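Written below as structure tokens is the structure these notes are about.
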Amino acid sequence: MTDKTMTPDEVVGRLRSGMTVGIGGWGSRRKPMALVRALLRSDITDLTVVSYGGPDVGMLAAAGKIRKLVAAFVTLDSIPLEPHFRAARQSGAFELTEIDEAMFMWGLHAAANRLPFLPVRAGIGSDVMRVNPELRTVTSPYEDGETFVAMPALRLDAALVHMNRADRRGNGQYLGPDPYFDDLFCEAADEAYVSCERLVDGFGDDTPPQSLLVKRHVVTGVVEAPHGADFTSCAPDYGRDEAFQKLYASTPWAEFAERFLPPGGDEKQYQSAVQAWHEEQK
């Protein structure tokens, strides 16, 4: 029985500047925000971030942590375009590879299966090929002779994902309506770190096997982080904190970071600051 439990700071202590880091979740849904906040408090920079982007990308971009972003979108869902991402992108703060959602998925599949690329129809006939001139096409060797995009593998040095439940060995369970490809992020990475709402002793015979999304053999570390996806949603444990998300989206980054993510702070300090803000609104 291997105990893989870690703290957020221990996870970040295993990361290095210049890494390619995949971040699970989708938009403003079940993002591993406690791990992202630990990363924000570190001196790590020059990252290539691979994400179906949400506030994870917005915060890392605003903090100057990103050198290159690979994404299909960056959204807060109820707020269509992540404003801190937009500001950083408009200022030319980092390089962007923007691809179709399906291309992104198959890039993860290719990496998970240790393939250099996979042929996909997504992207053909669109501006994806124009804005990404480095992409190549391949022709089927069979009678159909069809042309496909050769989607390169999205190989990751590390992956960060958030689950509803996990055990100490690294098995991760989701309880909401969507897996958000978090299993592929973990399988595509050299090291994978899973935060969870609650650690459990194990999963019994009554556990639906399809809910055990992340398998222990691909997981390096597990972090118990209650409300670790906040302010994004983590159904069914909690919904998105829309009021706080609006504050985040409308507040200059320096002002937001000074109050909620000050130097020397930690996750407990962040959650206390958020609670204090909510009390003020009453």
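One residue is enough: does the stretch 42-54 have a residue meeting the conditions closer than 19 Å to E242 by Cβ and assigned by TED's automatic domain parsing to the domain that holds S195? Checked the stretch 42-54: at least one residue is closer than 19 Å to E242 by Cβ and assigned by TED's automatic domain parsing to the domain that holds S195.
If you check G125, G107, G145 for being at pLDDT below 95 and either closer than 30 Å to V219 by Cβ or surrounded by fewer than 16 Cβ atoms within 10 Å (Cβ to Cβ) (or both), only one passes: G125. Close contacts from the stretch 242-267, counting a first residue that is over 20 Å from A225 (Cα atoms) and a second that is β-branched (V, I, T) and modelled with pLDDT of 95 or more, with Cβ to Cβ under 7 Å and a gap of 6+ residues or different chains, come to A249/I79. The set of residues in the stretch 231-263 being aromatic (F, W, Y) and either surrounded by 16 or more Cβ atoms within 10 Å (Cβ to Cβ) or at pLDDT below 95 (or both) consists of F231, F244, Y248, W253, F256, F260.
Scanning the stretch 176-196 for residues that are in a loop (DSSP other than H, G, I, E, B) and in contact with a Cys (Cβ under 9 Å, 6 or more places away or on another chain) yields a count of 1. Of the strands (runs of 3 or more DSSP E) lying entirely inside the stretch 1-83, those containing at least 1 residues that are aromatic (F, W, Y), farther than 30 Å from L199 by Cα and touching a helix residue (DSSP H, G or I) at 6+ places or on another chain (Cβ under 8 Å) are 66-74. Of all residues in the stretch 83-93, those being of a type outside the set (K, R) and either over 24 Å from D43 (Cβ atoms) or touching a His at 6+ places or on another chain (Cβ under 9 Å) (or both) number 2.
For the stretch 9-27, give me each residue that is surrounded by 24 or more Cβ atoms within 10 Å (Cβ to Cβ) and either closer than 26 Å to V200 by Cβ or free of Cβ contacts under 8 Å to residues at least 40 places away in the same chain (or both). Of everything in the stretch 9-27, those that are surrounded by 24 or more Cβ atoms within 10 Å (Cβ to Cβ) and either closer than 26 Å to V200 by Cβ or free of Cβ contacts under 8 Å to residues at least 40 places away in the same chain (or both) turn out to be V11, G22, I23, G24, G25. Applying the criterion of at least 3 residues that are polar (S, T, N, Q) and more than 18 Å from V12 (Cβ to Cβ) to the helices (runs of 4 or more DSSP H) found wholly in the stretch 202-282 leaves 267-281.
Within the stretch 271-282, residues that are at negative phi sit with their Cβ atoms under 8 Å from residues that are outside any helix (DSSP H, G or I) and surrounded by 13 or more Cβ atoms within 10 Å (Cβ to Cβ), at 6+ positions apart or across chains, in these pairs: Q271/H227; Q271/D230; V274/D230; V274/F231; V274/D241. The strands (runs of 3 or more DSSP E) falling completely within the stretch 92-175 that include 3 or more residues that are closer than 30 Å to L212 by Cβ and among the aliphatic types (A, V, I, L, M) map to 156-167.
The values are calculated or read from the model by the stated rules, or taken from the named source; none is laboratory data. Since the model is a prediction, treat every value here as computed from it, not as a measurement. Because the Cβ atoms are built from the backbone with ideal geometry, glycine has one as well, and the counts that use them run over all protein chains shown.
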